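**Student:** Structure incoming, see below.
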Amino acid sequence: MADGLVDGIQRATFGAVPTSTVDDWLHRHVRERLGADVEEVVLRSGRVNAVFGLLLAGGERVVVKVQRGQLDEGRTATLAAAVAAQRLLADAGYPCPSPLDGPATTGGLTATVDTWLDDGVPGDAHEPATRRAVARSLAEHVELLRALPAGTREALRHPPAWAVYQRGPWPVPHDPVFDFSTTAPEHAWIDEVAARAAVVLTRPGARDHERVVGHSDWYCGNLRFSPSSGERADDGDVRVASSWDWDSVVVESEPVIAGMAAASFTDSSTSGAQAPTPEEAAAFLAEVDAARDRSSTRDEQRTAAAMVTWTLAYNARCLVDVAAMGFPLPQGSTSEALAEHGDAYLHLRW
């Protein structure tokens with residue numbers, strides 16, 4: 001890569017610096033933390049935080065995720081708890097990378113280091129077998145994470161913004177490029193949808209459900225599948241082969257965690273709309289129930305449906321700013337889905 005100034009997520013994380021400054025930081029951090037030299041930076045990615053795929057001098061490939069901004073003690077503890085959750089899953093044979101180091105800080109920036117895992121291929125979660133795989137894998141990791149020690153759970157006190165519904169619309173967004181402080185009149189309906197969902201989510205008794213640990217950003221773009229959609233294993237199943245972004249785990253009720261996933265599981269599919277239809281969201285939630293072999297109560301269904309609605313509204317509100325910046329919206333965006341289906345998501349039952 002030419003040694004120009006970095007842009008995108010790298011600039012948001014490191015500032016307006018040359019590529020060589022970022023690479024020097026990576027070399028220094030990996031040498032200090034792993035005792036190894038970086039041979040090559042083979043991947044630069046990330047949406048919320050900066051992600052780098054590195055080839056080490058000994059031939060090993062690792063992934064370094066650098067958190068944006070300086071983390072205070074509480075957020076560092078939350079990240080450490082998320083790493084502990086990921087390690088528990090990896091040790092159990094779940095398809096996620098194994099943590100190698102971190103969180104650790106170099107030059108004011110905090111990072112984690114994982115093994116490189118890229119098994120499987122992108123999938124289409126509009127396809128029923130792939131949708132079922134996403135639902136099953138969600139239920140599986142929630143069940144495995146019941147073994148997380150209580151002290152580790154308690155450290156997960158800083159959920160990402162899209163999981164902060166308790167004060168209604170809106171929390172401080174997850175990325176400073178978004179500004180939720182004011183909403184133009186033509187988009188006020190999105191705020192109103194979120195407000196209706198928040199009323200349901202914060203109703204008396206709604207937070208009395210058992211609290212578990214689960215991934216709050218469980219969507220197709222964070223997963224890879226085996227075999228590919230359109231093919232089948234001998235038993236007819238598609239399976240999740242890789243899963244990423246485990247710093248997004250939260251402590252919440254099962255219906256809230258399932259609802260977040262039901263709203264976004266189709267995002268970044270290989271084809272089709274960004275957002276699921278109400279029918280697809282309901283089918284996903286039914287498949288989560290089937291995977292855990294327990295039907296949701298009517299009260300749990302009400303909570304999950306409200307979380308589907310809240311998550312879609314949060315994503316739609318982000319897209320308002322995306323469009324204002326001149327970027328095209330994805331096919332079948334969350335804002336289109338909400339506008340088309342109205343409160344159908346809020347009244348989901350399955």
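The values are calculated or read from the model by the stated rules, or taken from the named source; none is laboratory data. Model, not experiment: these values are computed from the prediction. So basically every Cβ, Gly included, is an ideal-geometry build from the backbone, and we count neighbours across all protein chains shown. Remember, those area values only see protein heavy atoms, side chains included, never the ligands or the DNA or RNA. Shrake-Rupley method; radii C 1.70, N 1.55, O 1.52, S 1.80 Å.
**Student:** Assuming Val134 fulfils every condition listed in (1) at pLDDT 95 or above; (2) buried (at least 19 other Cβ atoms within 10 Å of the Cβ); (3) in a loop (DSSP other than H, G, I, E, B) apart from one, which condition is it?
**Tutor:** (3)
**Student:** Taking Ala275 and the conditions (1) open to solvent by 10 Å² or more (accessible area, probe 1.4 Å); (2) among the small types (Gly, Ala, Ser); (3) closer than 30 Å to Gly8 by Cβ, which numbered condition does it fall short on, given that it satisfies the others?
**Tutor:** (1)
**Student:** Restricting attention to the range 295-350, which residues are part of a helix (DSSP H, G or I), open to solvent by 70 Å² or more (accessible area, probe 1.4 Å) and within 26 Å of Arg211 (Cβ to Cβ)?
**Tutor:** Arg298, Arg302
**Student:** Output the qualifying pairs, or none if there are none: Cβ atoms under 9 angstrom, residues six or more apart or on different chains, first residue in the range 285-303 and over 14 Å from Gly205 (Cα atoms), second residue open to solvent by less than 60 Å² (accessible area, probe 1.4 Å) and acidic (Asp, Glu).
**Tutor:** Val288/Glu254; Arg292/Glu254; Ser295/Asp289; Ser296/Glu254; Ser296/Asp289
**Student:** Let me ask something else. Among the residues of the range 137-154, write down those that are buried (at least 19 other Cβ atoms within 10 Å of the Cβ) and among the small types (Gly, Ala, Ser).
**Tutor:** Answer for the range 137-154, where residues must be buried (at least 19 other Cβ atoms within 10 Å of the Cβ) and among the small types (Gly, Ala, Ser): Ser137, Ala139.
**Student:** Sticking with this one: How many residues does the range 48-73 contain that are crowded, with 16+ Cβ neighbours inside 10 Å and at pLDDT below 95?
**Tutor:** Counting residues in the range 48-73 that are crowded, with 16+ Cβ neighbours inside 10 Å and at pLDDT below 95 gives 4.
**Student:** Of all residues in the range 15-33, count the ones that are open to solvent by less than 40 Å² (accessible area, probe 1.4 Å) and outside any loop (DSSP other than H, G, I, E, B).
**Tutor:** The number of residues fulfilling the criteria is 7.
**Student:** Another question, if that's okay. Of the residues that sit in the range 234-247 and are open to solvent by 10 Å² or more (accessible area, probe 1.4 Å) and small (Gly, Ala, Ser), which one is modelled with the lowest pLDDT?
**Tutor:** Gly236
**Student:** If we keep just the residues of the range 92-131 that are within 17 Å of the chain's Cα centre (by Cα) and of a type in the set (Gly, Ala, Ser), which is surrounded by the fewest Cβ atoms within 10 Å (Cβ to Cβ)?
**Tutor:** Across the range 92-131, the extreme among qualifying residues is Gly123.
**Student:** A follow-up question, please. Determine whether Ala82 is open to solvent by less than 30 Å² (accessible area, probe 1.4 Å) and either out of contact with any Phe, Trp or Tyr (no Cβ under 7 Å at 6 or more places or on another chain) or within 15 Å of Ala50 (Cβ to Cβ) (or both).
**Tutor:** Here the answer is no, as Ala82 does not meet what is asked.
**Student:** Taking the range 180-217 on its own, how many of its residues are open to solvent by 90 Å² or more (accessible area, probe 1.4 Å), part of a helix (DSSP H, G or I) and either touching a Gly at 6+ places or on another chain (Cβ under 7 Å) or under 30 Å from Glu140 (Cβ atoms) (or both)?
**Tutor:** So the answer is 2.
**Student:** For the range 253-271, does any single residue satisfy the condition of being open to solvent by less than 40 Å² (accessible area, probe 1.4 Å), outside any helix (DSSP H, G or I) and under 20 Å from Arg167 (Cβ atoms)?
**Tutor:** Checking the range 253-271: at least one residue is open to solvent by less than 40 Å² (accessible area, probe 1.4 Å), outside any helix (DSSP H, G or I) and under 20 Å from Arg167 (Cβ atoms).
**Student:** Right, another one. Kindly evaluate Val288 against the criterion of being in a helix (DSSP H, G or I), among the β-branched types (Val, Ile, Thr) and either under 30 Å from Thr76 (Cβ atoms) or within 21 Å of the chain's Cα centre (by Cα) (or both).
**Tutor:** Yes, satisfied.
**Student:** I want to confirm something. Restricting to the range 34-47 and keeping residues that are open to solvent by less than 70 Å² (accessible area, probe 1.4 Å) and not hydrophobic (A, V, I, L, M, F, W, C), which single residue is nearest to Gly69 (Cα to Cα)?
**Tutor:** Gly46
**Student:** Looking at (1) free of Cβ contacts under 8 Å to residues at least 24 places away in the same chain; (2) within 15 Å of Val308 (Cα to Cα), can you tell me which one Ala163 breaks?
**Tutor:** The number of the failed condition is (1).
**Student:** Counting just the residues of the range 304-348 that are of a type in the set (D, E, K, R) and in contact with an Asp or Glu (Cβ under 9 Å, 6 or more places away or on another chain), which one comes out modelled with the lowest pLDDT?
**Tutor:** Asp321
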